[in-house]
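Worksheet: the structure to be examined is printed underneath.
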Amino acid sequence: MREVAIVGAGMTQFGELWQSSLRDLFVEAAAAALRSAGADHVDSIFIGNMSGGQFVGQEHLGPLLADHLGMAGVAAVRVESACASGGAALGLGFMAVASGLADVVLAAGVEKMTDGADVTNVLASAADQENEVYHGITFPGLYAMIARAHMQVKGTTEEDLAWVSVKNHKHGAMNPKAQFRTEVTVDQVLKSSMVAEPLRLLHCSPVSDGAAAVLLCPLDKAEKYTDKPVKIVGSGMATSAMALADRKDLAVLDAVAQSGERAYKMAGVMPKDVQVAEVHDCFSIAEICCIEALGLVSEGKGAKAAASGHTALGGQIPVNTSGGLKSKGHPVGATGVAQAIEIFEQLRGEAGERQVEGARIGLTQNMGGSGASSVVHIYEGVR
Ligand code: COA
């Protein structure tokens, strides 16, 4: 297996981007990634996208987007794993380069969610239709059940949940690409409107448009593109039961733990070695469950990690320095690749106000649905 590096990155602003279509967003991010590395050729393109068909009526994204990038002829496919589509596209791009089948790969993600589709119903198509959606459940409802279970088993409080949003909005306020660049207080979170008890508006990631892209190549060819490559040293994917009712313990995300174990093993890295992480905080409870499943906090310490400053910038393991899905935004298919870009910038020392000083090892975790699929990558800076 060859060593793989990220050598270029580009992303759009995240937010309600009325002026840009799905193809515009993809081309903007992909062209920025190519430009940043001075590249004019790729062997293949993997595009994370949850549901171009339902959101904007556009399927068959591979050829469409390759053509609009001026690269008709290149092998290009859409990759789908619900909200983990971007992470999965990155994972497949990594495999293509590591295996030697491709030398230069564009791993991208794009989603256009605000063009008038019934977003809640489209997102719900990533849950179990027969056993969950048929009964009227939505994603906020599913994560509310996970939150309730966590509260019951581990004593997590509504204030603990609120602190995750406060921390991530604080980080996002420093990110020029973030959808919401405003700080919020615990009081504001606890007084925001109820969406699905105990989750309120300010516990939820928003509905967003956006795209992100990274350029991958073998490490030994990286100097052609950059003097600061970032190695992908571990890649792990996993799945678990789709319906919450089929899981042993609602408060534990098995696929997250398993994808993490696979990535740690490939990387030869322990959770304690990770210095900065982006995890899938689609709802505040998700960040708590994910940092526990990944071993980024010790058993039972997830709930208080944001409140205590442990996972804040300046803390022991800063989590979601980009603002996370909560504040940066969550254009679902793009999220996994945008997470990789935050770590790419952190490990190159280019994260500006959000920089984690001296960070050398980073991690991203991106999940689909209520945690039925998960993708983890581990990165090492070589500057
Ligand atoms: N966080 C902070 N502010 C938000 C927000 C969020 N998640 N969602 C919307 N807002 C703001 C809007 O900017 C708007 O502010 P304004 O009045 O100052 O312009 C206001 O709240 C109302 O926005 P609106 O779009 O009408 O909200 P909504 O009630 O239709 O949607 C949610 C709110 C929480 C239901 C929606 O954001 C949502 O479904 N989020 C979850 C997405 C999801 O499930 N993703 C997949 C995860 S697996």
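The values are calculated or read from the model by the stated rules, or taken from the named source; none is laboratory data. Predicted model, so just to flag it, every value in this text is computed and none were measured. FYI the Cβ positions are ideal-geometry reconstructions off the backbone, even for glycines, and counts take in every protein chain you see.
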Can you give me the ranges of the helices (runs of 4 or more DSSP H) entirely in the range 105-187 with at least 2 residues that are within 22 Å of LEU253 (Cα to Cα) and in contact with a Lys or Arg (Cβ under 7 Å, 6 or more places away or on another chain)? 158-172
Filtered residue count, the range 154-187, keeping only those that are within 10 Å of the ligand (Cβ to nearest atom) and surrounded by fewer than 23 Cβ atoms within 10 Å (Cβ to Cβ): 3
Can you find even one residue in the range 84-97 that is assigned by TED's automatic domain parsing to the domain that holds VAL279, within 13 Å of the ligand (Cβ to nearest atom) and surrounded by 19 or more Cβ atoms within 10 Å (Cβ to Cβ)? no
Test ALA76 against the stated conditions and say whether it is without any contact (Cβ under 8 Å) to a residue 40 or more places away in the chain, buried (at least 22 other Cβ atoms within 10 Å of the Cβ) and within 26 Å of VAL376 (Cβ to Cβ). yes
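Quick grid of which residues meet (1) of a type outside the set (Val, Ile, Thr); (2) free of Cβ contacts under 8 Å to residues at least 40 places away in the same chain; (3) touching a Ser or Thr at 6+ places or on another chain (Cβ under 7 Å); (4) more than 30 Å from THR120 (Cα to Cα):
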residue: GLY15; (1), (2), (3), (4): yes, no, yes, no
residue: PHE26; (1), (2), (3), (4): yes, no, no, no
residue: ASN49; (1), (2), (3), (4): yes, no, yes, no
residue: GLY53; (1), (2), (3), (4): yes, yes, no, no
residue: HIS68; (1), (2), (3), (4): yes, no, no, no
residue: MET71; (1), (2), (3), (4): yes, yes, no, yes
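Do you know which of the residues in the range 119-140 that are more than 30 Å from MET11 (Cβ to Cβ) and either free of Cβ contacts under 8 Å to residues at least 40 places away in the same chain or assigned by TED's automatic domain parsing to the domain that holds LEU22 (or both) is surrounded by the most Cβ atoms within 10 Å (Cβ to Cβ)? Can you show your working first?
Of the range 119-140, the ones more than 30 Å from MET11 (Cβ to Cβ) are 128-137.
Now restrict to residues that are either free of Cβ contacts under 8 Å to residues at least 40 places away in the same chain or assigned by TED's automatic domain parsing to the domain that holds LEU22 (or both): 129-130, 133-137.
Numbers: GLN129: 12, GLU130: 8, VAL133: 18, TYR134: 10, HIS135: 9, GLY136: 8, ILE137: 20.
In this case the residue turns out to be ILE137.
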Please verify whether ALA32 is among the aliphatic types (A, V, I, L, M) and not in a helix (DSSP H, G or I), treating the condition exactly as stated. no
Filter the range 345-377 down to the residues that are of a type in the set (A, V, I, L, M, F, W, C) and surrounded by fewer than 24 Cβ atoms within 10 Å (Cβ to Cβ) and list them by number. ALA351, VAL356, ALA359, ILE361
Got a number for residues in the range 138-191 being among the aromatic types (Phe, Trp, Tyr) and closer than 24 Å to ASP128 by Cα? 2
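One line per residue, one yes/no per condition, for (1) touching a strand residue (DSSP E or B) at 6+ places or on another chain (Cβ under 8 Å); (2) aliphatic (A, V, I, L, M); (3) not assigned by TED's automatic domain parsing to the domain that holds ALA340:
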site: ARG247; (1), (2), (3): no, no, no
site: TYR264; (1), (2), (3): yes, no, no
site: ALA286; (1), (2), (3): yes, yes, no
site: CYS290; (1), (2), (3): yes, no, no
site: LYS304; (1), (2), (3): no, no, no
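Hydrophobic (A, V, I, L, M, F, W, C) and near the ligand (Cβ under 8 Å from one of its atoms): which single residue out of CYS204, CYS217 fits that description? Give the derivation first.
On the way: CYS217 fails: near the ligand (Cβ under 8 Å from one of its atoms).
Being hydrophobic (A, V, I, L, M, F, W, C) and near the ligand (Cβ under 8 Å from one of its atoms) holds for just one of CYS204, CYS217, which is CYS204.
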Residue hits (the range 29-56; surrounded by 21 or more Cβ atoms within 10 Å (Cβ to Cβ), over 19 Å from GLY73 (Cβ atoms) and in contact with a helix residue (DSSP H, G or I) (Cβ under 8 Å, 6 or more places away or on another chain)) are ALA29, GLY48, ASN49, MET50, SER51, GLY52, PHE55
Which ones in the range 229-242 are surrounded by fewer than 18 Cβ atoms within 10 Å (Cβ to Cβ) and either over 19 Å from the mean Cα position of the chain (by Cα) or free of Cβ contacts under 8 Å to residues at least 24 places away in the same chain (or both)? ALA241
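Report yes if some residue within the range 148-171 is in contact with a Phe, Trp or Tyr (Cβ under 8 Å, 6 or more places away or on another chain) and closer than 27 Å to SER21 by Cβ; otherwise report no.
To start, the set of residues in the range 148-171 that are in contact with a Phe, Trp or Tyr (Cβ under 8 Å, 6 or more places away or on another chain) comprises 169.
Retained after the next criterion (residues that are closer than 27 Å to SER21 by Cβ): none.
For the range 148-171, residues in contact with a Phe, Trp or Tyr (Cβ under 8 Å, 6 or more places away or on another chain) and closer than 27 Å to SER21 by Cβ: absent.
Evaluate the following for GLY116: is it within 14 Å of the ligand (Cβ to nearest atom), surrounded by fewer than 20 Cβ atoms within 10 Å (Cβ to Cβ) and free of Cβ contacts under 8 Å to residues at least 40 places away in the same chain? Lay out the reasoning, then the answer.
Details: within 14 Å of the ligand (Cβ to nearest atom): yes; surrounded by fewer than 20 Cβ atoms within 10 Å (Cβ to Cβ): yes; free of Cβ contacts under 8 Å to residues at least 40 places away in the same chain: yes.
Taking the combined requirement at face value, the residue satisfies it.
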